[in-house]
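This report refers to the structure that appears directly beneath it.
Values in this text are rule-based calculations from the coordinates and carry no lab data. Keep in mind it's a predicted model, so treat the numbers as computed, not measured. In this analysis, Cβ positions are derived from the backbone assuming ideal geometry, glycine residues included, and neighbour counts consider all displayed protein chains.
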Amino acid sequence: MYTPGLHIIADFKEVNGEPLTDLTGFKLLLHQLLAQHQLQLIGEVHHRFEGGGYTSNLCLTESHISMHTWPEYGIATFDVFLSNYQFDNNAKTKSIYESVKNWLKTEHINYHEIYR
């Protein structure tokens, strides 16, 4: 039976200020992860807010990755969903999550794995 894949949703707090404002660095990290995991980008939107926070959304043939930051509160939200249409991408989903968590230099406060 087909299962669409793993969706990880996480909230982070007490994030060191730099990753919460470093949109350029986050975009670089994402593109490195896409190459590492051989994922196909079909579109991306990034926006920097006054005050330094940003939102970043990548559309993939496999689904999506998104991040939203609030440096004034030291928090970020992140989600990644990779479809298993052609391959089992669950390990890739977990690896991307771990890479982003390490880049943020913090631990999650809310973490959900949804197997769809």
Discussion item. If you fit an axis through the alpha-carbon atoms of helix 23-36 and take the longest principal axis of the Cα set of the chain, what angle between them do you get, 0 to 90°, nearest 10?
Written reply: 20
Worksheet item: Angle between the Cα long axis of helix 90-104 and the longest principal axis of the chain, 0 to 90 degrees, nearest 10?
Response: 10
Worksheet item: Which of Thr21, His7, Leu34 sits farthest toward the positive end of the charge dipole of the chain, with +1 on the Cβ of Lys and Arg and -1 on the Cβ of Asp and Glu?
Response: Leu34
Discussion item. About the Cα centre, and with charges only on the beta carbon of Lys, Arg (+1) and Asp, Glu (-1), how big is the dipole of region 34-116? Nearest 20 debye, please.
Written reply: 120
Worksheet item: Once every DSSP H run of n ≥ 4 in the chain is given -39500 (n - 2.57) and the sum is divided by its residues, what mean residue ellipticity at 222 nm do you get, rounded to the nearest 500 deg cm²/dmol?
Response: -9000 deg cm²/dmol
Discussion item. Using Cα springs under 10 Å in a Gaussian network model of the chain, which residue among Glu14, Glu50, Glu98 shows the largest mean-square fluctuation?
Written reply: Glu50
Worksheet, complete the sentence: Here the gain from full extension of Asn16 to Gln86, 0.36 nm per residue of separation minus their alpha-carbon distance, amounts to 21.5 nm
Worksheet item: For the chain, how big is Rg over Rh, using alpha carbon atoms and the Kirkwood form of Rh?
Response: 0.96
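Taking K and R as +1 and D and E as -1, what net charge do the other residues with C-beta under 14 Å from the C-beta of His108 add up to?
Result for the local shell: -2.
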Discussion item. Over region 27-115, what is the relative contact order in percent, taking alpha-carbon pairs closer than 8 angstrom and at least six residues apart?
Written reply: 16
